[in-house]
Amino acid sequence: MLRPLARTTILAALCVAVLILVGCGREDAPTSPTAGGEGGPAPAMEKVPDSASTPPPLESRLHEQWQEKVKGLDLTRASGANVSNKTMRALVEGLSPEEFEQLRASLKAVKLSAMTPFQRNVLGVAVRRVMLSGDRAALVGFLAERCPREIPPAPIEYTLAAEERRGKVTDGFTVLVDAYRASANDESRAALLDALASALPSLRAQTPEDDAFVDAAEAWHTAHKGRFKLRPRYVFAWQDHRFSEGAEELFETE
């Protein structure tokens with residue numbers, strides 16, 4: 001006669017065998033009392049789509065398109081950089097208004113100091129698009145949020161003053177002044193202040209307090225409006241003395 005412990009062991013083994021046989025005759029259906037209700041089937045795990053089936057974010061798509069266009073070019077040479085800038089302009093200018101707002105939002109989410117060289121280039125070209133739209137208020141608002149130091153291939157102060165001279169932007173140079181006053185972003189304010197100081201280094205040296213200098217820069221523009229020329233070699237001088245004192249004055253007064 002079997003002892004109680006032996007009978008219990010045999011019964012347990014028979015139960016396991018029955019469960020195995022039943023399980024072999026049905027598909028695996030894990031249960032989850034929290035997700036599918038007690039005893040109900042768990043929902044199928046969501047499939048993570050691959051990059052081929054999911055379009056990349058807008059910024060990534062621009063990057064891929066830009067890379068394809070400049071493949072094989074030496075971007076350190078003037079010819080390669082020129083093609084790169086023209087390619088980026090065409091890509092950004094070809095965006096729909098909705099896509100452009102998406103791009104602006106994605107750039108706004110990144111600190112200027114954390115931007116990659118590509119993002120800084122895109123930011124400069126995006127500012128150029130707003131600048132050429134003729135909407136001065138929109139340009140001021142954009143720069144107050146995120147101000148690039150360059151609108152490739154020139155520093156922003158040169159580009160704005162040049163477009164003012166061409167009649168494309170009303171009071172283009174003082175867009176920097178208005179954006180500085182409207183900005184609540186420390187990095188943008190620093191970039192705007194640096195642009196003004198680079199353009200007017202002598203005035204900056206005479207006016208060390210930031211807000212007073214911005215006021216003085218606006219007064220200088222008012223006094224010389226329509227009577228200034230741009231120094232042809234300013235861009236090269238700025239590149240040689242970037243973010244340092246002693247850069248050449250942007251303007252020649254008539």
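A few points about this structure:
- Here P152 clears all of (1) over 22 Å from E98 (Cβ atoms); (2) modelled with pLDDT of 95 or more except the condition numbered (2).
- Number of residues in segment 124-153 that are under 20 Å from K86 (Cα atoms), within 17 Å of the chain's Cα centre (by Cα) and not hydrophobic (A, V, I, L, M, F, W, C) equals 7.
- When residues of segment 96-117 are limited to those that are touching a residue at least 12 places away in the same chain (Cβ under 8 Å) and among the hydrophobic types (A, V, I, L, M, F, W, C), the one surrounded by the fewest Cβ atoms within 10 Å (Cβ to Cβ): F100
- Just one residue in the set V177, V169 is in a helix (DSSP H, G or I) and hydrophobic (A, V, I, L, M, F, W, C); that residue is V177.
- Here the condition is being in contact with a Cys (Cβ under 9 Å, 6 or more places away or on another chain), over 30 Å from V83 (Cβ atoms), not β-branched (V, I, T) and not in a loop (DSSP other than H, G, I, E, B); of R204, R189, it holds for R189 alone.
- Pairs linking a residue in segment 195-208 that is without any contact (Cβ under 8 Å) to a residue 24 or more places away in the chain to a residue that is in a helix (DSSP H, G or I) and among the aliphatic types (A, V, I, L, M), with Cβ atoms under 7 Å and 6 or more positions apart or on different chains, are L203/A216; L203/A217; R204/A197; T207/A216.
- Summed over segment 73-92, residues that are of a type in the set (A, V, I, L, M), closer than 19 Å to Q239 by Cβ and not in a helix (DSSP H, G or I) total 1.
- Among the residues of segment 218-230, those that are outside any strand (DSSP E or B) and more than 18 Å from R204 (Cα to Cα) comprise K225, G226, R227.
- Hey, R120 in contact with a Gly (Cβ under 9 Å, 6 or more places away or on another chain) and surrounded by fewer than 19 Cβ atoms within 10 Å (Cβ to Cβ) or not: no
The values are calculated or read from the model by the stated rules, or taken from the named source; none is laboratory data. This one's a predicted model, so the numbers in the text were calculated from it and none came from an experiment. Neighbour counts are summed over all protein chains in view; Cβ atoms, including those assigned to glycine, are modelled from backbone coordinates with ideal geometry.
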